[in-house]
Amino acid sequence: ILRPTTDPKCSIMSMAIFDVPGVNKKDVHISVEGQRLSVSVDHKDEHKGEKGKDDTKVHWRERHVGHISRTMQLPNNVDMNSIQANQDNGVLKIHFTKKAADSNVRKITVN
C-alpha cells in the first residue's frame with residue numbers, strides 16, 4: 001500500500017500537509033476516529049484506454065494510479081471541532097487547534 005507523503009507540524013495551531021498532485025478534491029477522503037486521522041486518496045487513471053492524437057498509446061506509467069492511504073495519531077488535546085482541510089495546487093493541508101491544557105493536576109497533602 002502506498003502512502004501519501006506528509007509533513008506534520010505541531011504548535012497551538014497544528015497542521016498536517018499531504019502531497020496529492022493531480023487528485024480531484026472529491027477523490028480525497030478524510031476521517032477521524034478517536035485520536036486517529038485517516039486520509040485516503042483515489043487517484044484515477046484519466047487516460048485509461050485513450051489513444052493520443054496521433055493514435056499512440058502510453059508505453060509505461062511512472063505516476064501512481066490507484067488507492068493510497070495514511071493514518072496518523074493526533075495529539076490528545078486536539079479540538080475535534082476545529083479540524084479543517086484545504087487543497088490547493090496538489091497540496092492538502094489539514095488544520096487543527098489544540099485545546100488549552102486541562103488542569104487535572106491535584107496536589108496531595110502529606111498527613
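The values are calculated or read from the model by the stated rules, or taken from the named source; none is laboratory data. What you see is a predicted model; the values in this text were computed from it and never measured. Glycine gets a Cβ as well: all are built from the backbone with ideal geometry, and neighbour counts include every protein chain shown. Note: areas computed on protein heavy atoms with side chains; ligands, DNA, RNA excluded. Shrake-Rupley method; radii C 1.70, N 1.55, O 1.52, S 1.80 Å.
Go through the range 63-90 and give me each residue that's touching a residue at least 24 places away in the same chain (Cβ under 8 Å), assigned to a loop (DSSP other than H, G, I, E, B) and touching a Ser or Thr at 6+ places or on another chain (Cβ under 9 Å).
Filtering the range 63-90 down to residues touching a residue at least 24 places away in the same chain (Cβ under 8 Å) leaves 63-64, 66-78, 80, 83, 85, 87, 90.
From the residues that got through so far, the ones that are assigned to a loop (DSSP other than H, G, I, E, B) too are 63-64, 74-77, 83, 90.
The answer is L74, P75, I83.
Filter the range 23-51 for residues that are farther than 21 Å from S82 by Cα and either open to solvent by less than 60 Å² (accessible area, probe 1.4 Å) or part of a strand (DSSP E or B) (or both); which is modelled with the lowest pLDDT?
D45
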